[in-house]
Amino acid sequence: MAGALDGITILDLTRILAGPTCTQLLGDLGADVIKVENPITGGDDTRGWGPPNVCDTDGRPSDLSAYFMAANRNKKSVSIDIATPQGQAQVRALAAKADIVVENFKPGGLAKYGLGPDDLLTRQPGLIYCSISGFGQTGPNRDKPGYDLMAQGFGGIMSLTGEPDGAPMKVGVGIADVMCGMYATVGILAALRHKERTGEGQHIDVALVDSQIAWLINEGTNYLESGQVPERRGNGHPNIVPYHVFAVADGHVIIAVGNDSQFARFCDFLGCSELARDARFATNMARIAQRDALMAIIGPKLAAHPLAAVIAGLEARKVPVGPVHTIDQALGSDQARAREMVVAMPRADVQKGEVRLLGNPLKLSRTPVTYRLAPPHFGQDTDAVLADLRIED
């Protein structure tokens with residue numbers, strides 16, 4: 001079954017995580033993705049971000065680090081040195097066959113090679129050219145490098161993450177990069193729709209920091225409305241109480257009481273129904289004002305119950321509740337298996353004969369995602385991709 005983007009060709013000039021996340025998602029949706037990698041550096045930086053690395057059939061670590069594989073399936077790898085005239089001509093020839101170019105060089109970094117958005121859009125007015133950078137193509141910080149950690153710090157999310165009396169804390173994965181890649185994908189799909197209607201291409205400018213600021217969501221608008229700078233609350237929620245991770249007799253449990261009727265049912269489970277009638281706790285606004293007092297009451301009560309009993313009891317009462325899984329528990333769960341969130345892709349040249357990857361969460365009924373190409377070794381498709389190029393400057 002053809003993917004939604006079957007017939008679309010993407011020239012991928014990205015590396016690390018934000019850009020590759022975008023192009024992998026487009027590849028999963030059916031696009032043909034040609035990833036250009038620098039022979040001087042040995043390709044995408046993340047090829048060296050192991051261990052762990054997939055081992056070849058002789059047991060030696062290959063250039064397929066687990067990090068690289070997280071964002072580079074459904075792509076062909078082509079080795080091109082864009083600092084050379086020949087490499088620049090090759091990239092222009094590839095762009096001439098592409099519908100979309102995605103790059104994450106510093107602003108202006110490709111213009112010196114004649115490969116910037118103005119250069120390629122002048123040649124191809126119908127081209128969609130997406131630039132991903134740390135701070136965007138404009139503004140006083142445009143020339144500063146962009147890394148996920150710096151974006152999380154600059155954009156404010158670290159000030160909200162961690163325990164109240166602890167240090168600012170980054171999110172456990174490169175979420176600023178990943179979300180920037182998601183926003184870039186949305187922009188590209190919108191630009192494709194515009195091109196279908198008008199034939200016009202365009203330049204898309206997406207920044208890590210802009211994206212991170214956008215997903216401050218309610219904490220950002222809380223500040224804009226109140227003028228009060230949000231505080232770190234650990235696992236607590238600024239607008240809902242109780243919404244937290246609680247210690248129980250044999251581990252931890254997540255409880256998310258979203259409204260007053262759920263709170264009454266929660267109190268019934270704990271055997272303290274009077275709390276739901278107490279004016280201090282009867283409404284969510286009251287519970288927010290009395291957060292510490294309520295937590296001091298319910299925390300010890302929950303600690304006396306085993307995890308399974310808390311989950312069973314609250315699920316029976318339709319109160320949102322769940323476990324805190326480790327990665328192995330999450331990926332090994334019946335739910336993850338049912339949703340195909342771990343996929344195996346064959347590779348005859350690796351020790352295990354396959355690589356295991358995280359699945360795509362999109363479930364499309366008519367144009368499902370496909371897993372066609374395992375993450376490539378550096379430059380493995382160079383000859384095949386460049387063989388039929390007719391390079392004209």
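The values are calculated or read from the model by the stated rules, or taken from the named source; none is laboratory data. Because the structure is predicted, anything quoted here is derived from the model rather than measured. Here Cβ is always computed from backbone atoms with ideal geometry, including for glycine, and neighbour counts include all displayed protein chains. Keep in mind that these areas ignore ligands, DNA and RNA; they rest on the heavy atoms of the full protein, side chains included. Shrake-Rupley method; radii C 1.70, N 1.55, O 1.52, S 1.80 Å.
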Accessible area in square angstrom per residue, the chain, 1.4 angstrom probe: 50
Measuring from its Cα centre, the stretch 30-163 shows a charge dipole (+1 at each Lys and Arg Cβ, -1 at each Asp and Glu Cβ) which, in debye to the nearest 20, is 300
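Rounded to the nearest 5, what % of the DSSP beta bridges within the chain are antiparallel ones? Intermediate results must be reported in sequence, preceding the final value.
Details: 17 of 40 bridges.
In the chain, DSSP labels about 45 percent of beta bridges as antiparallel.
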Show me, bin by bin at 5 Å from 0, the whole-percent P(r) of the stretch 38-126 based on Cα pairs. 3, 12, 18, 21, 17, 12, 9, 5, 2, 1
Size-normalised alpha-carbon gyration radius of the chain, reference 2.2 N^0.38 Å: 1.17
For the stretch 134-187 and the stretch 240-297, what is the separation of their Cα centres, given in Å? 33
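Would you mind counting up the charge near GLY153? Only other residues with Cβ under 15 Å from its Cβ, with Lys and Arg at +1 and Asp and Glu at -1.
Working: positive: LYS144, LYS170, ARG232; negative: ASP148, ASP177, ASP210.
The answer is 0.
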Size of charge dipole - the stretch 68-139 - debye, nearest 20, with Cβ of Lys, Arg +1 and Asp, Glu -1, no other charges: 220
Over the stretch 18-73, what relative contact order in percent results from Cα pairs under 8 Å that are six or more residues apart? 36
Calculate for the chain the 222 nm mean residue ellipticity that helices alone would give, adding -39,500 (n - 2.57) per DSSP H run of length 4 or more and normalising by residue count, nearest 500 deg cm²/dmol. -10000 deg cm²/dmol
Rounded to the nearest percent, how much of the accessible area of the stretch 1-55 (1.4 Å probe, protein heavy atoms only) is carbon and sulfur? 57
The simple spin-label model distance between LYS318 and LEU386, using points 7 Å out along Cα→Cβ, in nm, is 6.4
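Run the numbers for ALA308 and GLU274: contour at 0.36 nm per residue of separation, minus the present Cα-Cα distance, in nm. Intermediate results must be reported in sequence, preceding the final value.
On the way: separation 34, 0.36 × 34 = 12.24 nm, distance 2.46 nm.
Taking ALA308 through GLU274 to full extension adds about 9.8 nm, to one decimal.
Give the ranking of THR14, THR367 by solvent-accessible surface, highest area first, calculated with a 1.4 Å probe. The partial results should precede the final answer.
On the way: THR14 5, THR367 40 Å².
Largest accessible area first, the list is THR367, THR14.
When a/c is below 1.5 the answer is rounded, else prolate if a/b is larger than b/c, else oblate, so apply that to the stretch 1-85 with a ≥ b ≥ c taken from the square roots of the Cα gyration tensor eigenvalues.
The shape class here is oblate.
Just to be sure I understand the rule: take each whole DSSP H helix in the chain, project its Cα atoms onto its long axis, keep it if the span is 18 Å or more and its mean Kyte-Doolittle hydropathy is at least -1.0. Which ones pass? Before the final figure, lay out the partial values.
Numbers: long enough: 175-198 (34 Å, 0.50).
Once both thresholds are applied, what remains is 175-198.
In the stretch 136-227, how does Rg compare with the Kirkwood Rh, expressed as the Rg/Rh ratio over alpha carbon atoms? Please report the intermediate quantities before stating the final value.
Numbers: Rg = 15.8 Å, Rh = 14.9 Å.
Rg/Rh for the stretch 136-227 comes to 1.07.
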Distance between modelled label sites at LYS97 and LYS112, nm, 7 Å Cα→Cβ extension: 2.9
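With contacts defined as alpha carbon pairs under 8 Å and 6 or more residues apart, what's the relative contact order of the stretch 305-382 in percent? It would help to have the intermediate numbers written out before the result.
Values: 50 pairs, mean separation 12.9, N = 78.
Answer for the stretch 305-382 is 17 percent.
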For PHE105, net neighbour charge (Lys/Arg +1, Asp/Glu -1) across residues whose Cβ lies under 15 Å away: -4
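Can you give the local net charge around SER79? Use residues other than it whose beta-carbon is closer than 14 angstrom to its beta-carbon, Lys and Arg +1, Asp and Glu -1. List each step's numbers first, then the result.
Working: positive: ARG15, LYS35, ARG47, LYS75, LYS76; negative: ASP12, GLU37, ASP44, ASP63, ASP81, ASP381, ASP383.
Cβ neighbours under 14 Å give a net charge of -2.
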Normalised contact order of the chain, rounded percent, pairs of Cα under 8 Å and 6 or more residues apart: 20
If you count only protein heavy atoms and use a 1.4 Å probe, how large is the accessible surface of ARG142, to the nearest 10 Å²? 70
Residue pairs, from the table LYS144/LYS363; LYS97/LYS352; LYS106/LYS170, whose Cα atoms sit over 31 Å apart: LYS144/LYS363; LYS97/LYS352
